[in-house]
Amino acid sequence: MNKNELVSAIAEECGVAKKDIEKVVKSLTAVIHKELGNGGKVQIPDLGAFKANERKERTVRNPRTGESMVSPACKVAKFTPAKALKDSVNK
């Protein structure tokens, strides 16, 4: 499901105009981006939690050439699913 399909499904489920739902989806992603950029955490009940994790500098290998190189330290986004989401996926 892509963003347009998600917007259509939510609009149909809620009986609200697609353009309004699209604004909500864009706002939701913007808030999540901003919070994770600040090192915070976003927790949505029955869905899961998004948080920013620190990844240390590490040595990696280029699979094409076999050459070793250093991957610099960075922040990565991590999603941890809620129990309700895990249960619904494993039905």
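The values are calculated or read from the model by the stated rules, or taken from the named source; none is laboratory data. As the structure is a computational prediction, the values presented were derived from the model and not from experiment. Counting neighbours? That spans all protein chains shown, and the Cβs are built from the backbone with ideal geometry, glycine included. Quick note on the areas: whole protein, heavy atoms, side chains included, nothing else; ligands and nucleic acids left out. Shrake-Rupley method; radii C 1.70, N 1.55, O 1.52, S 1.80 Å.
Structural remarks
- Take the Kirkwood radius over Cα pairs of the chain, plug it into Stokes-Einstein at 20 °C and 1.002 mPa s, and you get 132 µm²/s for translational diffusion.
- Given charges at beta-carbon only (K, R positive; D, E negative), |dipole| of region 22-89 in Debye: 120
- Principal-axis analysis of the Cα atoms of the chain puts helix 3-14 at an angle of about 30° to the longest axis.
- Sequence-distant lysines (8 or more away, or on other chains) whose Cα lies within less than 17 Å of Lys3: Lys18, Lys19, Lys23, Lys26
- To the nearest ten degrees, helix 18-37 and the longest principal axis of the Cα atoms of the chain are 30 degrees apart.
- Share of carbon and sulfur in the accessible heavy-atom surface of region 7-46 [1.4 Å probe, %]: 55
- Hydrodynamic radius (Kirkwood) for region 1-40, which is based on Cα pairs only, to one decimal in Å: 10.8
- For Lys83, the lysines whose Cα falls under 24 Å of its own Cα, not counting residues fewer than eight places away in the same chain, are Lys41, Lys51, Lys91.
- Taking Arg64, Arg55 and ordering them by how much accessible surface each has at a 1.4 Å probe, largest first, produces Arg64, Arg55.
- Here the contact order of the chain, divided by its residue count and restricted to Cα pairs under 8 Å and six or more residues apart, works out to 21 percent.
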